[in-house]
Amino acid sequence: MASQAPTAHAGSKKVIYAAIIGNLLIAATKFIAAFFTGSSAMLSEGVHSLVDTGNGGLLLYGLRRASRPADITHPLGHGRELYFWSFVVALLVFAVGAGVSFYEGLIHIMEPEAVANPLVNYVVLGFAMLFEGASWSVALKEFRAVKGKLGYVRAVRQSKDPSVFTVLFEDTAALLGLVIAFIGISAAQIFDMPQLDGVASIGISLVLATTAIFLARETKGLLIGESALPEMEQQILDIANSDPDVQRANGVLTMHMGPKQIFAGLSVEFEDRVQANEIEACVERLEAMLKKANPDIVTLFVKPQTAGTWEVRRRKIEAA
């Protein structure tokens, strides 16, 4: 037996808009500075900011696509589109951001060229840190609001909404990249070694590659299907066991179809006295109680099943 409710999606568009505006302004200033100074690190940073701008657009596109209601070809909704586009963002950070930065750094190490007008770079880096810091603070504030008392790493691993932590990690990588660019440009000027500008560019590529790998790993789990948090699954079982027509709620299988879209399959052993029409009424009650307790449960399947059958299934899942 199944029941389904309208889809719902979460995602902080405010964070993404702030990141897009900030990265667009930063990219323009970095490219101008790179053009007048010939700095490899500054060019890498410009590419980085441009990639981040495009990534923000992809996240917004993913949020819009994910908000579409269920249809005949996608009966469980389109929520996973956000996970797909978040994974694409991670690939772009790695392939374009890290790849171009590494290439530029390698070229400038093999064919070093002194940076002209280094003061321009310092001014641009200062403004970039200001813009990037503003975007980062917005993302951090939003992430703190949703993480609660959890630590940052654990909150990211448990998060089902990649739109917030993706922007936060991109902005953090951007700030680290600016620091590396500043150190590289300064060192190249102080020691009269233009190769250090290229080394800084490679350092930026390593930061981007690390960020991309981490984001890809987290979004991959969401894309292939992650269960709801254990406390939410326990809540479902407790509500089911509270119904007078339920002898025992054997277990529940859950999967996030989107940040605010949870599919739940509930194994229930009904009381022997319960008739077919009473089972239907019980399922409707369970649906109403579960939706009231947690609106994120948008699709519910209830399967009449003995405890023994469920245990066999559970052991197979644990063994796998």
Next item on the list: Give just the number: which of (1) in contact with a Leu (Cβ under 8 Å, 6 or more places away or on another chain); (2) closer than 13 Å to ASP197 by Cβ does LEU106 not satisfy?
Entry: (1)
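Report yes if SER267 is assigned by TED's automatic domain parsing to the domain that holds ARG313, more than 24 Å from GLU318 (Cβ to Cβ) and of a type in the set (S, T, N, Q), otherwise no. Give the steps one after another, and end with the answer.
Details: assigned by TED's automatic domain parsing to the domain that holds ARG313: yes; more than 24 Å from GLU318 (Cβ to Cβ): no; of a type in the set (S, T, N, Q): yes.
Answer is no for this residue.
In the stretch 261-273, is there at least one residue being crowded, with 17+ Cβ neighbours inside 10 Å, within 26 Å of ASP52 (Cβ to Cβ) and modelled with pLDDT under 90? Can you show your working first?
Here is the first cut: in the stretch 261-273, the ones crowded, with 17+ Cβ neighbours inside 10 Å are 261-264, 266-270.
Now drop any that are not within 26 Å of ASP52 (Cβ to Cβ), which leaves none.
Among the residues of the stretch 261-273, not one is crowded, with 17+ Cβ neighbours inside 10 Å, within 26 Å of ASP52 (Cβ to Cβ) and modelled with pLDDT under 90, which makes the answer no.
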Note to self: without any contact (Cβ under 8 Å) to a residue 24 or more places away in the chain and either surrounded by fewer than 17 Cβ atoms within 10 Å (Cβ to Cβ) or farther than 17 Å from GLY225 by Cα (or both): which single residue out of ALA240, ALA288 fits that description?
What the structure shows: ALA288
Next item on the list: Show the residue pairs that are 6+ apart or on different chains and have beta-carbon atoms under 7 Å apart, the first residue being within the stretch 185-198 and modelled with pLDDT of 90 or more, the second being crowded, with 18+ Cβ neighbours inside 10 Å and of a type in the set (Lys, Arg).
Entry: none
Note to self: Show the residue pairs meeting these rules: Cβ distance below 9 Å; 6+ apart or different chains; first residue within the stretch 142-156 and touching a residue at least 12 places away in the same chain (Cβ under 8 Å); second residue exposed (fewer than 10 other Cβ atoms within 10 Å of the Cβ).
What the structure shows: ALA155/GLY148
Notebook entry, point to check: Can you name every residue in the stretch 60-82 that is more than 16 Å from the chain's Cα centre (by Cα) and closer than 13 Å to PRO162 by Cα?
Noted result: none
Checklist line | Filter result for LEU229 (surrounded by fewer than 17 Cβ atoms within 10 Å (Cβ to Cβ), of a type outside the set (Gly, Ala, Ser) and touching a helix residue (DSSP H, G or I) at 6+ places or on another chain (Cβ under 9 Å)) | finding: yes
Checklist line | Pairs where the first residue, in the stretch 204-218, is outside the structural domain of ILE183 (by TED's automatic domain parsing) and the second is in a helix (DSSP H, G or I), C-beta under 7 Å, 6+ apart | finding: none
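Within the bounds of the stretch 106-122, is there any residue that is farther than 23 Å from THR37 by Cβ and either buried (at least 21 other Cβ atoms within 10 Å of the Cβ) or at pLDDT below 85 (or both)?
Pass one, the stretch 106-122, residues farther than 23 Å from THR37 by Cβ: none.
No, because not a single residue in the stretch 106-122 is farther than 23 Å from THR37 by Cβ and either buried (at least 21 other Cβ atoms within 10 Å of the Cβ) or at pLDDT below 85 (or both).
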Next item on the list: Give the residue that is surrounded by the most Cβ atoms within 10 Å (Cβ to Cβ), with candidates limited to residues of the stretch 174-184 that are under 24 Å from the mean Cα position of the chain (by Cα) and in contact (Cβ under 8 Å) with a residue 60 or more places away in the chain.
Entry: ALA174
Notebook entry, point to check: Hey, among LEU92, LEU82, which residue is over 28 Å from THR254 (Cβ atoms) and among the aliphatic types (A, V, I, L, M)?
Noted result: LEU92
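Out of GLY54, GLY22, GLY62, GLY38, report the one residue that is within 25 Å of VAL123 (Cα to Cα) and crowded, with 24+ Cβ neighbours inside 10 Å. Working first, answer last.
Working: GLY54 fails: crowded, with 24+ Cβ neighbours inside 10 Å; GLY62 fails: within 25 Å of VAL123 (Cα to Cα); GLY38 fails: crowded, with 24+ Cβ neighbours inside 10 Å.
Answer to the check: GLY22.
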Next item on the list: Would you be able to say whether some residue in the stretch 91-104 is more than 20 Å from VAL207 (Cβ to Cβ) and in contact with a Gly (Cβ under 9 Å, 6 or more places away or on another chain)?
Entry: no
Note to self: It is to be established whether one or more residues within the stretch 44-56 are of a type outside the set (D, E, K, R), touching a residue at least 12 places away in the same chain (Cβ under 8 Å) and in contact with an Asp or Glu (Cβ under 6 Å, 6 or more places away or on another chain).
What the structure shows: yes
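The values are calculated or read from the model by the stated rules, or taken from the named source; none is laboratory data. Since the model is a prediction, treat every value here as computed from it, not as a measurement. Virtual Cβ from ideal backbone geometry, glycine too; neighbours counted across all protein chains shown.
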